[in-house]
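Notes for the one structure printed next.
The values are calculated or read from the model by the stated rules, or taken from the named source; none is laboratory data. Keep in mind that this is a model prediction, so the values were computed, not measured. When we count neighbours, we look across all protein chains shown, and the Cβ atoms used for this are built from the backbone with ideal geometry, even at glycine. For accessibility, only protein heavy atoms count, side chains too; no ligands or nucleic acids. Shrake-Rupley method; radii C 1.70, N 1.55, O 1.52, S 1.80 Å.
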Amino acid sequence: MSENNEQRDEHGHDDGHHVNYFKIYLILLVLFGISVIGPEVGAVTGLRWITLITAFGIAFVKARLVVNNFMHLAWEQRIAKWLLASSLILLLLFVAGVAPDVMNHEGNNWENVAAKQAVERGLAAASGYSEEEAESEGPLEGVIASGFSAQNSFGQICATCHGVGGEGDGAAGAALDPAPASFIDPVFWQGRDRDRIITVIRDGAAAVGGSALMAPWGALYTDDQLEQMADYVMSFRPNQ
Amino acid sequence: MAHARPIATTRSATGIPTPRLAIWWILASEVVIFGGLLGAYLMHRIGHPEWAEAASHTQTWIGAVNTFVLLTSSFTAVLAHQAAEKGKGKEAAKLLAFTILGALTFLMIKSYEWTIEIMAGYTITANTFWSFYYTAAGLHALHVIAGAIIMGFIAVDAYRGRELHRVEIIGIYWHFVDVVWIFLFPLLYIAK
């Protein structure tokens, strides 16, 4: 057999077979079409297996067609196939060897904190907040990541000084001079309107001639969220 | 092939002509290079559900057009091989030129696509998904560039009827580059 093959290879190895390249090309195009449309169908119907089969299953079929018919591996000496196969086996060994570590984020005695945080941050970013906000470190992170509500935000940030009830009796507020404003005091509301409240929350009390102890919080909120915060503060206003 | 060749390119203990054996060796190492990169990507992708969000920003239709371009260039490359087998150097050169055209089209579309992504802020440092995206697609693009340049030299020779056996060798390499993209396309563009 080897004599025969050497003979063949002298002349190029095309002698023994005739591939209809155009036909292969057409089949590849059809498969390609399916691999684009399939995942769309999978997305619409919510059937993940359609996506998996059409996108990845078909990739293997296409690769096989190209390797066998265009690269002529099907007619190549067996040793070339073994050469490529041993590469593939090495590769699979490598992947199988590291997969447990890469894909798991914890084991019996260890925990990949960084990976877990990355997942958390990423998922928060995906649910509508910009990555920058989601990546901001510190105690505020949880507030931002858990979806916005003015009440929650007030409870977690403002209440430390202003008190949960807006009376200016928060734990951290007691030591402040001037004391944090009490939002339930009718006097406080004389001459204060919504626009001013928005300005104060965004730019700090210093922006309206008040104390720098009331810091600017604008970086935390979108315009829409700022208005929700102002409305929440306004809701403490006693009815006259 | 009628012309004389150095003895080293015809002698072969494996029954495979030396140049072709050499390209199989190269591809065997490429399997590990690309396979390792894509394997690492796949493992991270499965371990990080949040990458789905990043992946949803890739331009699927651009990736699809490029898949079509590469498939077609593979087709012209194998036709060039067929022509070379029959000793038709000029035709082989012409078909190689079409293949190079495919490579250039691919690269132009790729540059357009990357411009869109970078302008939108999706740079290689944006997050790990985008790092993999640019590394994998970039390594692949380097292979496209290298292949196109070498194919240029081979096409010039082939046009003069010289070294026609090389048309097959560059073809095998080119099909491999195509195969890599066949896997990159679903991995980077379709899996959302």
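Within segment B:22-52, restricting attention to residues that are open to solvent by less than 10 Å² (accessible area, probe 1.4 Å) and farther than 28 Å from A:Thr51 by Cβ, the residue that is nearest to the chain's Cα centre (by Cα) is B:Leu27. For the residues B:Tyr112, B:Tyr122, B:Tyr133, the requirement of being open to solvent by less than 10 Å² (accessible area, probe 1.4 Å), farther than 13 Å from B:Val177 by Cα and aromatic (Phe, Trp, Tyr) singles out B:Tyr133. B:Val180 falls short of the stated requirement of being open to solvent by less than 30 Å² (accessible area, probe 1.4 Å), closer than 15 Å to B:Leu79 by Cα, within 14 Å of chain A (Cβ to nearest Cβ) and touching a residue at least 12 places away in the same chain (Cβ under 8 Å).
Charged (D, E, K, R), open to solvent by 70 Å² or more (accessible area, probe 1.4 Å) and at pLDDT 85 or above: does that describe A:Lys81?
Considered against the rule, which asks whether it is charged (D, E, K, R), open to solvent by 70 Å² or more (accessible area, probe 1.4 Å) and at pLDDT 85 or above, A:Lys81 comes out as yes.
Identification of helices (runs of 4 or more DSSP H) wholly contained in segment B:1-120 with 3 or more residues that are within 11 Å of chain A (Cβ to nearest Cβ) and in contact with a Leu (Cβ under 8 Å, 6 or more places away or on another chain) yields B:18-47, B:60-85. Note on segment A:16-43: residues that are under 18 Å from A:Ala74 (Cα atoms) and either out of contact with any helix residue (DSSP H, G or I) (no Cβ under 9 Å at 6 or more places or on another chain) or surrounded by fewer than 19 Cβ atoms within 10 Å (Cβ to Cβ) (or both) total 10. Taking the conditions exactly as written (under 22 Å from A:Asp169 (Cα atoms), surrounded by 13 or more Cβ atoms within 10 Å (Cβ to Cβ) and out of contact with any Gly (no Cβ under 7 Å at 6 or more places or on another chain)), does A:Tyr221 satisfy them or not? Answer is no for this residue.
Checking A:Phe94, A:Phe32 one by one, the residue that is at the interface with chain B (Cβ under 7 Å from one of its Cβ atoms), modelled with pLDDT of 85 or more and over 19 Å from B:Tyr189 (Cα atoms) is A:Phe94 and no other. Residue-level check: of (1) open to solvent by 10 Å² or more (accessible area, probe 1.4 Å); (2) out of contact with any His (no Cβ under 8 Å at 6 or more places or on another chain); (3) within 14 Å of chain A (Cβ to nearest Cβ), B:Pro186 misses just (1). Quick one: is B:His165 within 11 Å of chain A (Cβ to nearest Cβ) and farther than 30 Å from A:Gly38 by Cα? Yes: the conditions hold for B:His165.
Among A:Leu73, A:Leu65, which is the only one that is surrounded by 16 or more Cβ atoms within 10 Å (Cβ to Cβ), more than 9 Å from every other protein chain (Cβ to nearest Cβ), closer than 16 Å to B:Val177 by Cβ and aliphatic (A, V, I, L, M)?
A:Leu65
All conditions in (1) within 19 Å of the chain's Cα centre (by Cα); (2) in contact (Cβ under 8 Å) with a residue 24 or more places away in the chain hold for B:Ala84, with the sole exception of (1).
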